[in-house]
Amino acid sequence: MRKITYLRTVSPRQNIIKTFLFEGLALATSWPTLLLEVFLRRNFGERYFNMASAVGVGILLCVFPFVGHSAYGRFADENAATGWGWFLWHYLSWYAFVGVFIFRANLRRSEITRSRSTFDFGRFSLSTGKIHPYFYTVTMFGKKLTPRQIEIFGEPAPFFLAGLVLAVIGQRLGLLWIACGLGYSLNYMAAYHEGDSKILDIIDDMIVNEETERIVMGEEDNDKGIRFYARRPSTEEMRRKLANQLVKENGNSQGPIIAS
């Protein structure tokens, strides 16, 4: 947890449960996000997209139905509920999707075209890809969706809604798409939550940087909420030297009288 210190340490109050959930979501929703983004995005950064992860997810998706089918067959009538005809009806679309997923993942891999001997200074290596232009034409309540709304709601919505339809007709692929749609949305909610927190940290640093000399010199009245929790030097000259030192330290740190 980040701490801001201006001669007194101030720890931001946090919703511990919310923070824990968002940090966990970023990891837990990585693979569900991968399953959808190869269809939704293109031109990923070379360090963001990993073909090995895509293949690993594909293998797990191929194995999972067999494991579940075998386990369920131990507790049910094999002929009535878990025969191979039942299996094919419920999972044929599932395996078709896995095949298309691997194909699309390979397309995304082929888009990453950097020579091993050179570095590309024109492309962010951790880019999450280019959003399809169609989403920028979608409107909600008369307004076009923002990139934040597109990533949290717009992109996962087609898979989530299609998943509901498939689930109703008994296709297990529908349950997978519902889970992936939710995971995709939660993944970007967590990303934006983290981004908002970092921006607030930067803004706080900027505010303290701007106010350092004034508050050290003794001008208490301000509407930015900053207080100086220490005794000031007795003379104006010493206070100014202290302010200058704090500003100087800013050049070697995150901000004057700021600590993490």
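Values quoted throughout were computed directly from the atomic coordinates according to the rules given, and no laboratory measurement underlies them. Please read all numbers here as calculations on a predicted model, not as lab measurements. Ideal geometry is used to build each Cβ from the backbone, glycine not excepted, and the neighbour counts take in all protein chains shown.
Brief remarks on what is shown
- With R₀ fixed at 41 Å, the C-beta to C-beta distance from HIS132 to PHE66 puts the FRET efficiency at about 0.75.
- Sites ALA157 and TRP84, calculated FRET efficiency, Cβ-Cβ separation with R0 35 Å, nearest 0.05: 0.55
- Charge context of VAL98, other residues only, Cβ under 14 angstrom, K/R +1, D/E -1: +2
- Projected label distance in nm at VAL55 and ASN106, using a 7 Å step from Cα toward the beta-carbon: 1.1 nm
- Segment ALA167-ASN43, extension gain: residue separation times 0.36 nm, minus the distance between their alpha carbons: 41.5 nm
- Cα→Cβ-extended label distance, 7 Å offset, between PHE121 and GLN149, nm: 3.9 nm
- Less than 5 angstrom separates the built amide H of ARG42 from those of LYS130, all sequence-distant by 5 or more or on a different chain.
- Summing charges over neighbours of VAL38, with a neighbour being any other residue whose Cβ is under 10 Å away from its Cβ, gives +4 when K and R count +1 and D and E count -1.
- Here the residues TYR188, TYR136, ranked from fewest to most Cβ neighbours within 10 Å of their Cβ, fall in the order TYR136, TYR188.
- Footprinting exposure proxy ranking of ILE215, ILE169, fewest other C-beta atoms within 10 angstrom first, gives ILE169, ILE215.
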